[in-house]
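Heads up, the thing below is written out as structure tokens.
Values quoted throughout were computed directly from the atomic coordinates according to the rules given, and no laboratory measurement underlies them. Not measured: the values here are computed from a predicted model. Here Cβ is always computed from backbone atoms with ideal geometry, including for glycine, and neighbour counts include all displayed protein chains.
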Amino acid sequence: MVERTAGRQVGLKRAFALTFVVLLVELAGGLASHSLALLSDAGHVLIDVFALGLAWFAVQQARRPADQRRSYGYQRATILAALLNSAALVVIVLAIGYEAVRRLAAPEPVQGGIVVVAALVGIAINSYVVLGLRGHTANLNMRAALLHVTGDVAASIGVVIAGMVILLTHWLYIDPLLSIGIAALIAYGAWGIVRETVNLLMEGTPREIDLATVTHEITGTKKVIGVHDLHVWALSSEAMALSAHVVVDDCPLGDAEHLVRDLEQRLCDRFSIGHTTIQVESCHPCGDIEHGAGAHNHPHEHVIVTSSARPRAAGSGGPAR
Ligand SMILES: [Zn+2]
Ligand SMILES: [Zn+2]
Ligand SMILES: [Zn+2]
Ligand SMILES: [Zn+2]
């Protein structure tokens, strides 16, 4: 885990530096050739530099230890970064669309030779970045970063073709038409990331988890009568948590604890759920109470008096007001 994170860190740092070089090359090429295609591609790369910086920041946040204020640690920062990456992708698509419509209405003369050379340099560097990032696609941010750079390569190929067509035929409309196709490709890829990020923020059941199978795994345990208030959610794109109330036959506390330890082990082995909170109920199970949003997950009908919870006289022992 630590090694994987460190490797990703290095991969992101290299991608960040190389993408910045692409930005400079395309900016210079765009200014020299008076090509709006290259300039808008440079703007696209600028957002990629921003997105890679965010992903890099998120990986660093995920490595910070938990503290009193953030008891889960900072791994959810990766979800915030993924959401911002997605928003950046939407902005890229809108910018390309706007630019394409503008140029369809009023095509401008372009020096095709410089366009082709600058875009080829961008393709060479971005291909190298894609190869470096490809090993880490399980992580949402790395996938977002990879999608960005892949979109860059596609955009640059489009720019090369546009530059060559302009060189050979002087047909200026090729450039905005290709841009629209590339924008559609980026939008399609962004949609998947947006959907997954929203599911994480909604505390939705992770894609790889089937709640019915988890229920079956728990209720299949000896002594377990039922399970309710079962939640499985993702803390980040890599860590999952589970909480549940498990109703068991009356048994000694030690047996109940062994049962919980056994459950934890199996949930970890079978579903890779590393963070479990299991509440054992026997004498006073919750019954049919509502477990929806805003509802309490415990019965209120009766008071349970134990030797350690003696009723106190009103006004004594409470905080001074
Ligand atoms: Zn485990
Ligand atoms: Zn009781
Ligand atoms: Zn319960
Ligand atoms: Zn309550």
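Quick look at the values:
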item	result
Among (1) surrounded by 18 or more Cβ atoms within 10 Å (Cβ to Cβ); (2) in a helix (DSSP H, G or I), the one test that Met164 misses	(1)
Counted residues, the range 185-204 - those being touching a residue at least 12 places away in the same chain (Cβ under 8 Å) and more than 14 Å from the chain's Cα centre (by Cα)	3
Identity of the residue in the range 226-270, within 16 Å of ligand 3 (Cβ to nearest atom) and surrounded by fewer than 13 Cβ atoms within 10 Å (Cβ to Cβ), that ends up nearest to Gly204 (Cα to Cα)	Asp249
Residue count for the range 178-198, restricted to those that are within 30 Å of Gly294 (Cα to Cα) and surrounded by 16 or more Cβ atoms within 10 Å (Cβ to Cβ)	4
